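Quick one: structure below, then a few questions.
The values are calculated or read from the model by the stated rules, or taken from the named source; none is laboratory data. Note that the coordinates shown come from a computational prediction; the quantities given were computed from them, not determined experimentally. All Cβ positions, even for glycine, are placed from backbone atoms using ideal geometry, and neighbour counts span all protein chains on display. Heads up: the accessible areas ignore ligands, DNA and RNA and are worked out on the full protein's heavy atoms, side chains in. Shrake-Rupley method; radii C 1.70, N 1.55, O 1.52, S 1.80 Å.
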Amino acid sequence: MEQQPVHKKALGFFSDTLQTFGMALAVFLVIYFIIARPFQVSGDSMFPTYKDKEYIFTNIIGLKMGHLNKGDVIVFKAPVDSSKDFIKRVIGMNGDTVEIKEGSVYVNGERLNEQSYLSSDVKTFGGTFLPENAPKKVPTGEIFVMGDNRANSSDSREWGFLKKSEVIGKSFFVYWPISEAHAISNPYK
């Protein structure tokens, strides 16, 4: 039996390693640009649901298929600074009327049940765009979003409706830190 020279074995190994790396990179890029993206939570606007410095996966393909629902947690370009990404919860969809009164959120005249993600002592106050007792109807193609940390969130109460076209994706899994890993579910489904 004839043995291959060492340099041919090394070249074969290098070629196999390069092909494996190339395939892994291709799979990563397909996932990153078509299916899901990682994002880091920055700040406390979604506390206690999501904490500063947590990492989440965001589904971008589902959004392209038109799947967005009230209660979803989404990532989007910040209306106040497009170099930043925001994470907020969808409160109102097109056609819904959103109102804040007596420290609570009302959608289409009914008090929104937020017990699954907010403490019962949390009060929601109006802002510049949506003051208390001044209902606003969400226009077609737009949504109304709020952070879960109502006292510390720049959201639709201040800067208005968000165009659906600005949404990057819907968050579906917290993956870091490992001790906090969990699926993100919609409280209204």
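Pick from E114, E132: which is assigned to a loop (DSSP other than H, G, I, E, B), open to solvent by 50 Å² or more (accessible area, probe 1.4 Å) and not hydrophobic (A, V, I, L, M, F, W, C)?
Values: E114 fails: open to solvent by 50 Å² or more (accessible area, probe 1.4 Å).
Only one candidate qualifies: E132.
Given the criteria of a type outside the set (F, W, Y), at pLDDT 85 or above and within 23 Å of S179 (Cα to Cα), does L112 qualify? Break it down into steps so the answer makes sense when it comes.
Numbers: of a type outside the set (F, W, Y): yes; at pLDDT 85 or above: yes; within 23 Å of S179 (Cα to Cα): no.
No, not satisfied.
Go through the range 135-161 and give me each residue that's part of a helix (DSSP H, G or I), of a type outside the set (F, W, Y) and within 16 Å of G92 (Cα to Cα).
Let us first name the residues in the range 135-161 that are part of a helix (DSSP H, G or I), namely 150-152, 156-159.
Then keep just the ones that are of a type outside the set (F, W, Y); that gives 150-152, 156-158.
Across the range 135-161, the qualifying residues are R150, S156, R157, E158.
Being assigned to a helix (DSSP H, G or I) and farther than 22 Å from T49 by Cα narrows it down to one residue among S179, S165, S83; which is it?
Values: S179 fails: farther than 22 Å from T49 by Cα; S83 fails: assigned to a helix (DSSP H, G or I).
Checking each option against the conditions leaves just S165.
Any idea which of (1) farther than 19 Å from R150 by Cα; (2) surrounded by fewer than 18 Cβ atoms within 10 Å (Cβ to Cβ); (3) under 12 Å from the mean Cα position of the chain (by Cα) is the one S82 doesn't satisfy?
(3)
Can you tell me how many residues in the range 135-164 are open to solvent by less than 10 Å² (accessible area, probe 1.4 Å), closer than 16 Å to K70 by Cβ and not aliphatic (A, V, I, L, M)?
Going through the range 135-164 one residue at a time, the tally reaches 5.
Scan I74, I60 and give me the residue that is under 22 Å from I143 (Cα atoms), surrounded by 14 or more Cβ atoms within 10 Å (Cβ to Cβ) and modelled with pLDDT of 85 or more. Spell out the reasoning first.
On the way: I60 fails: modelled with pLDDT of 85 or more.
Matching residue, one of I74, I60: I74.
Which pairs turn up if I take residues in the range 24-49 that are within 30 Å of T124 (Cβ to Cβ) and open to solvent by 50 Å² or more (accessible area, probe 1.4 Å) and look for partners that are part of a helix (DSSP H, G or I) and at pLDDT 60 or above with beta carbon separation below 6 Å, at least 6 apart in sequence or on another chain?
D44/N152
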